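Written below as C-alpha cells is the structure these notes are about.
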Amino acid sequence: MKRGNQTGKEGNPTRIKGIYVHVPFCIKKCRYCDFYSLELRESYLVEAYLEALEREIKDFFEPNLGKYTLYIGGGTPTALDFCSLRKLLEIVGRYFGSPVEFTVEANPLTLDREKLGLLKDYGVTRVSLGVQSFSDRVLRILGRIHTSRDAIETIENASHFFENFNIDMIYSVPGEELDDIILSFDHLKAIRPPHVSAYAFTLEEGTPIYRDVMEGKLTVDDEDTFRYKYDHVLSTLRTLGYEQYEVSNFTSSRRYRCLHNLVYWMLRDYYGFGPSAHSYFGGVRYENRKDLYSYIKDPKNVKTIVSQDDSDFLKELVMLSLRTSCGLSLRKIPDSYRSAVLEHARDLEEMGLVNILNDRIVVTDEGYSVLSSIIVQIWEALD
Amino acid sequence: MDRELIRNFAIIAHVDHGKSTLADRLLEKTGTVPPEKLVEQFLDKMDIERERGITIKAQTVRMRYNARDSRSYILNLIDTPGHVDFNYEVSRSLAACEGAILVVDATQGVEAQTIANTYLAVEHNLEIIPVINKIDLPSADIERTKRDIEDILGIDASEAICVSAKYGVGIDELLEAIVKRVPPPKGDLNKPLKALIFDSWYDSYRGVVTTIRVIDGFVKKGMKILLMSTGRVFSIEEVGVFSPDPTPCDILGPGEVGYIITGIKDIRDTRVGDTITDANNPTKEPFPGFKKVKPMVFAGLYPVNPDDYGNLREALEKLQLNDASLVFEPESSGALGYGFRCGFLGSLHMEIVKERLEREFDLSLIITAPTVVYRVVKKSGEGVMVDNPEKLPDPSTIDRIEEPYVLVTVITPSEYVGNLIGLLIERRGRERKTTYIDGARVIMEYEVPFAEILVDFHDKIKSLSKGYASIDYEFIGYFESDLVKLDILINGKPVDALSVIVHRSKAYERGRELVSKLKELIPRQLFEIAIQAAIGKKVIARETIKPLRKDVLAKCYGGDVTRKKKLLEKQKEGKKRMKMIGKVEIPQEAFLAVLKHN
C-alpha cells in the first residue's frame, strides 16, 4: 500500500498498519470532551451501529493487510453491555483476527471482571483506562462518572487480566490545585502502570467546561502554574523510570509502547471505521462523517477526503515526528528544504529547545512544553 | 468689464463660526445657486471637509448682485482654507482680494484663529467688514462681541453687521456693505499682463485648472503665458469664471477673478503665489510674496500589507495631482519594509492625507511618529536638515541641533489658565505674554517647540479647558535645543521605525514609557526578549519579556491529524502578520505605540 511500505525495515513497527474502530457511545458525556459520542439511551441504536459497522468493514476488507494493530476507541467501547460488547469483538475479530497489538479503551466504571474476561477471551492484549485523575474534585470538574476509588479497583482488576495496560491522565485542568496533581501522581507512583498517557488539558470550544471558564467560574492555569505541573508530572514519571517516547506518552519498558499510536506518528497507513473515524492511506487523509444516523443508513459512503497534497505530507511529517523521542529525520526531508529546516533547527538548538543528533532533530524536555511554536518554526522552513 | 463694478472679498473666521454657512447664504441671496441645489456648505466639496466642518481647498465663486444703487455688481467670493496648516494658501487668497468679511460668533467672541486671520488681512491692507454671526442664538452677546473686536483686534466695530447666517438675517445689509465699503480693484488694462495664481487643481478631463486674479492687462484664449517662478511657457486653452460652475468667457481683465486652462498636466507647474504674465510682453515685476511652500512635518507611510506598496505609490501620485504641498519619496525601513517618507504642511494635513488614502484608495496604512525638520549644525560648520530620526548624523560630529518653534496663541476663559500653563510648560513652552481681556478671558502667548504640538496637543487643550479654549500658532524660527535621538533596541538590534528625537530632559520618561508599552504589546516568544531604550550607547530603560512557557497541543487522538494541523496553521498565519525584527516578531500595534503618549 502506497507510501506506507517504502522505508520500513524488517521487524520495525513502522511497517505495521493500523485499524481503528470508533464506538460512538458513552454512559454520560464528560464536560471537557468534544469527541464524537452520544449518551447511550436506546439499545436499538447500538444494534444498528454494530450492523452498519460490519457492513463498512466488509466493504473495505482487504485480505492481504500484512501486520496491523487494532484499536477500539470512542466514546467508551465498554459502555456497551456485555452482549453488545461481545458482538462488537466478534465482528471485529472476524475481519481482523490476528493483530500484533489489540487495545480497547475503557472507563473504570464500565469495566468489570466479566468484561475484562471477555476482552481477554477475544484476544485483546492491552486496555487503556480513562482515569484522568485520582482527585475526586478534579474528576467532578471533568464530569467523569467514576471516582478515584472506582479507578483504583478497576486498575487492580485489570492488572490481573492484562500484563500491559495504560492509564490516561490529564493535568492542568481549570480549577485543579497543585495538591490535586501531587495527590494524583502519588497514586500513580503506587500503581506503577506499564504505560501512562499524560495529557495537558486542552480547552475545547463549545464544551460545558469552556463555558465555565468564559463565565469565570473556573480559571485556566497561568504559564507558570502550568510549568510547575508539567515539571512535576515529568519528574515523577522520570524518577519512576518511565521513558517518554512521545510528548504525552510514557512507558515503563520498550515492550509496552503503544504500537498503534506509533502508526499515527510515523505516518503509516491506518483504516478507521465508525462515525468520525479517521483514515490515512495512499497519502490521503479521510474522515468519516460525524453522524451516527447517516452512518447507520449508509456506512459505505461516509468517507470524505480531508487532505492529500505533498506539502500536507511534509507538514504532517514534521508535526508528528517532533512529538516522538525519535524525532524528525532530516533524511526524510526533500533536498530542497533540508538546509532551511536545519537552519531553523539550529536556532532552536541554541535556545535549548531541540537537540540535533546526527541527522535527527529531537525536541528537549524544555522544548516539549512549547512544542507548537517549535513545529510552526520548522514549518516556516518549508515555505 | 468695468472695474468699478467688481468687488473681490474673502471670508475669514475661526473654525465653526459659520463661514461656510454665510457663504451659502450669499450664493442663495444673489441667485447664484438656486435654493433647491444648495447643499449645505456648498463650497466645501470634499466629504472630509463637510465632515470635519473645515475648508481644506480654497474655492472661488462669482456672484452677480443688483445693489440698491440700481447698479449690477460682480462679487467674487474667494473662500479660504480654515486651518493654520494652510496658512500660505490663506495669505495668497487674501492677496487676491480688496476686502474681507470677518465673521465672529456672537456666542463665542473672538478666538485664536480670528486673531491670526485678522492680522493676515490687515497685512494685506484689506478693508475689513466685521460681521457678528449667530445672533439668533439665546446666548448671543452682541455687545461683548463688539468689545472683543475693538479691544482684541483693534478694529472699529461700530458698523459691524449683525447676521444670522442660519436664518438669512442681515444678508442684504452685508451685500450692500460689501459694495459700499470694499474698494473696487485697481489695475491697468494697457499694462503687460500680471496675474496671481491663488489656487490650482487637477481635473481628470481637463488637466490642471488654475484660479487667478488679474492685476494688470488681460488673459484670453490662445495667448502664450509665462509662469514667472519657473520660466515655463504655456498656451491658454480656455478662460472662464465660476458662477458657480466653470463657465467659459472671452477675456479676464484687471481686477477680475476666474480660471484658465492650459496644457499643464502637473499641478507643480502652477504654484500658488506664482505670477502669470504675457510671454510676448512680460511684466518687469512679479507679484510679491511668492514662496514655495515647504513641508513642516514628516512621517513614514507604510502599507500594512507589503503587496500594497505599488497601490500606495499610485494613490500618493493621485493625491499629489491636487495637493502640490504633499511631497513623498520612497523609503525603506528595516522594521516596516518599503514605504514612503511623506512631507506635510502640518499634523492636520497629515491626518487628512492618511484618511484620504485609506478612504478613497482603500489602503491600510502604518504611519510612523511624525517629526519636524531639525537643523543640525555640524562641527565642521556644515548645516544639515533632518526630517527623519534615522538621518541624524553621528552625535560626535554635531555642534548643535536647532528645532522649529511656533508661537502658540491660546484664548481661554480665565479659570482654565492654570491647567493650560501646566500643559504648555510640560510641552517645553516659554511664556511670551499673557493678557487679560475682560477679566473673564485670557490670551496666552507661548513659544513652544513645534515638535511638542504635533501629537495630542489640540485635544489636550480642549479637554483641559472643557472645550472652551481656542488655539492658533505661527512659526517664529529655529532655536537651539538639547535634543537627543532615542533608539529602541529589541534584543540589541535598533528598530529604525521606533526611533524618535526628543529633548534630553524628557528622554528618560519617554524611554521608560515606550519600553513598557512595547512589553505589553509584544507577545511572549520562544526566547527572552530584551527591550531597551538607549541614547547613543547608553541604555536608559529596559524591560524583559520572559520566554513562552506553555504552548502545547497535547492530545493527538484517534488519528485526527488534520484538526491539529489546522490549529498550528492558524498559529503560523498569526505569525505572518507580524513584522520580524531579527528573530523577534512584532505586532503592527507596537509601531503605533510611539504615536501616542501619556
field: Radius of gyration and Dmax over the Cα atoms of segment B:476-582, both given in Å
entry: 19.7, 75
- line: Non-local residues with an amide H under 5 Å from the amide H of A:I19, with H modelled 1.01 Å from N and Pro and chain starts lacking one, are A:T69, A:L70, A:Y71, A:Y271
query: What residue among B:P306, B:A195, B:F361 has its Cα farthest toward the positive end of the dipole of chain B, where the charges are +1 on Lys, Arg and -1 on Asp, Glu, each on the Cβ?
result: B:P306
field: DSSP bridge orientation in the protein assembly as shown - percent antiparallel, rounded to nearest 5
entry: 70
- prompt: Across segment A:197-202, in residue order, what do the Karplus-derived ³J(HN,Hα) couplings come to in whole Hz, using 6.51 cos²θ - 1.76 cosθ + 1.60 with θ = phi - 60° and x for Gly and Pro?
  reply: 10, 10, 9, 6, 4, 10
message: Using a probe radius of 1.4 Å on heavy atoms only, what accessible surface per residue do you get for segment A:121-188? Whole Å² is fine.
response: 36
query: What FRET efficiency would be calculated for the residue pair A:E47, A:T147, taking the C-beta separation as r and a Förster radius of 41 Å, to the nearest 0.05?
result: 0.85
- request: Summarise the accessible area of segment B:332-424 (1.4 Å probe, protein heavy atoms) by the percent that is carbon and sulfur.
  value: 47
field: Solvent exposure, largest accessible area first (probe 1.4 Å, DNA, RNA and ligands not counted), of A:E177, B:E36, B:E585
entry: B:E36, A:E177, B:E585
- prompt: Dividing the Cα convex hull volume of segment A:141-290 by residue count, how many Å³ per residue is that?
  reply: 155
task: Once you have the Kirkwood Rh of the protein assembly as shown from its Cα pairs, apply Stokes-Einstein at 10 °C and 1.306 mPa s and quote D in µm²/s.
output: 46
- request: Using only protein heavy atoms and a 1.4 Å probe, report how much of A:Y228 is accessible, in Å² to the nearest 10.
  value: 120
statement: With Cα coordinates, the longest principal axis of chain B makes an angle with the long axis of helix B:142-153, in degrees rounded to 10, of 80
message: Could you give each residue of segment A:94-102 its phi-based ³J(HN,Hα) in whole Hz, using Karplus coefficients 6.51, -1.76, 1.60 with θ = phi - 60°, and x for Gly or Pro?
response: 4, 9, 10, x, 9, x, 7, 8, 9
query: Given that compact globular proteins tend to follow 2.2 N^0.38 Å, what is the ratio of the alpha-carbon Rg of segment B:411-469 to that value?
result: 1.05
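Once you have the alpha carbon radius of gyration of chain A, what is it after dividing by 2.2 N^0.38 Å, with N set to its residue count? Before the final figure, lay out each step's value.
Working: Rg = 20.8 Å, N = 383, 2.2 N^0.38 = 21.1 Å.
My calculation over the Cα atoms of chain A gives 0.99.
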- line: Helix-only [θ] at 222 nm, the protein assembly as shown, -39500 (n - 2.57) per DSSP H run of 4+, per residue, nearest 500, equals -9500 deg cm²/dmol
task: Kindly count the pairs of lysines across segment B:439-558 whose alpha carbons are less than 24 Å apart, treating pairs on different chains or eight or more residues apart as eligible.
output: 29
message: Counting pairwise Cα distances across segment B:258-338, what percent come out greater than 22 angstrom?
response: 45
query: Once the piece of chain linking B:R3 and B:I425 is laid out straight, how much longer is it, given 0.36 nm per residue of separation minus the C-alpha distance between them?
result: 146.7 nm
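Any number yet on Rg/Rh for segment B:339-434, C-alpha, Kirkwood? Can you show the working numbers first?
Numbers: Rg = 18.2 Å, Rh = 16.8 Å.
In segment B:339-434, Rg relative to Rh is 1.08.
Over the Cα atoms of segment A:325-383, compute the convex hull volume and normalise it per residue, giving Å³.
Values: hull volume 4.1 nm³, N = 59.
Once divided by residue count, the hull of segment A:325-383 is 70 Å³.
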Value of D in µm² per second that Stokes-Einstein yields for segment B:283-406, Kirkwood Rh from Cα pairs, at 4 °C (1.567 mPa s): 81
message: What three numbers, in Å, describe the spread of the alpha carbons of segment B:311-366 along their principal axes, ordered from the longest?
response: 30, 22, 19
message: Can you compute the label reach from B:R144? Point 7 Å from Cα along the Cβ direction, backbone N cut-off under 20 Å, restricted to segment B:81-105.
response: B:103-105
task: Compute the normalised compactness of segment B:52-180: alpha-carbon radius of gyration over 2.2 N^0.38 Å, N being the residue count.
output: 1.05
field: Convex hull volume per residue for chain B, taking Cα atoms only, in Å³
entry: 192
- prompt: Can you work out D for segment A:125-211 in µm² s⁻¹ from Stokes-Einstein, where Rh is the Kirkwood radius over C-alpha pairs, the temperature is 4 °C and the viscosity is 1.567 mPa s?
  reply: 97
- request: Quick one: which residues, 5 or more positions from B:L365 or on another chain, have an amide H under 5 Å from its amide H? H modelled 1.01 Å from N in the peptide plane, none for Pro or chain starts.
  value: B:V304
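Under unit Cβ charges (Lys, Arg +1; Asp, Glu -1), what dipole magnitude, rounded to 20 debye, does the protein assembly as shown have relative to its Cα centre? Each step should come with its number before you reach the end.
Details: 133 positive and 147 negative charges, 528 e Å.
Roughly 2540 debye for the protein assembly as shown.
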query: What nm distance separates the two modelled labels at B:L521 and A:F313, each placed 7 Å from Cα along Cα→Cβ?
result: 4.4
task: Read phi for every residue in segment A:239-247 and hand back ³J(HN,Hα) as whole Hz from Karplus 6.51 cos²θ - 1.76 cosθ + 1.60, θ = phi - 60°, with x for Gly and Pro.
output: 4, 7, x, 6, 9, 8, 8, 8, 3
task: Please report the base-10 log of the normalised intensity I(q)/I(0) for segment A:14-92, using a Debye sum with one equal scatterer per alpha carbon and no solvent, at each q in 0.23, 0.24, 0.25 (1/Å).
output: -1.12, -1.18, -1.24
- request: Take the Cα gyration tensor of segment B:135-263, multiply each eigenvalue by 5, square-root it, and list the three semi-axes largest first, rounded to whole angstrom.
  value: 39, 18, 14
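By how many nm would the segment from B:Y119 to B:E402 lengthen if fully extended, with 0.36 nm per residue of separation less the alpha-carbon distance? Display every interim value, and only then the final one.
Numbers: separation 283, 0.36 × 283 = 101.88 nm, distance 2.78 nm.
Extra length available between B:Y119 and B:E402 comes to 99.1 nm.
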- prompt: Between A:R331 and A:E204, what is the label-to-label distance in nm when each label sits 7 Å out along the Cα-to-Cβ direction?
  reply: 3.8
query: Between B:D459 and B:R504, what is the spin-label point distance in nm, taking each point 7 Å from the Cα along the Cα→C-beta axis?
result: 3.2
task: Can you give me the P(r) profile for segment B:356-515? Cα pairs, bins 5 angstrom wide beginning at 0, each as a whole percent.
output: 2, 8, 15, 17, 15, 15, 12, 9, 5, 2, 0, 0
message: For B:D323, what accessible surface area do you get with a 1.4 Å probe? Give it in Å², rounded to 10.
response: 30
- prompt: What is the dipole size for segment B:306-401, taken about its Cα centre, with +1 at each Lys and Arg Cβ and -1 at each Asp and Glu Cβ, in debye to the nearest 20?
  reply: 480
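Can you give the charge dipole size of chain B about its Cα centre, rounded to the nearest 20 debye, using +1 on the beta carbon of Lys and Arg and -1 on the beta carbon of Asp and Glu? Could the numbers behind the result be given before it?
Details: 86 positive and 90 negative charges, 556 e Å.
That gives chain B a dipole magnitude of about 2680 debye.
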- prompt: Taking H as built 1.01 Å from N, whose amide H comes closer than 5 Å to the amide H of B:I398, not counting residues under 5 places away?
  reply: B:K379
- prompt: Regarding segment A:265-383, what are the three Cα extents along the principal axes, ordered largest first, in Å?
  reply: 56, 30, 21
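The values are calculated or read from the model by the stated rules, or taken from the named source; none is laboratory data. Being a predicted model, the structure only gives us computed values, none of them experimental. Glycine gets a Cβ as well: all are built from the backbone with ideal geometry, and neighbour counts include every protein chain shown. Ligands, DNA and RNA are excluded from the accessible area calculation, which covers all protein heavy atoms including side chains. Shrake-Rupley method; radii C 1.70, N 1.55, O 1.52, S 1.80 Å.
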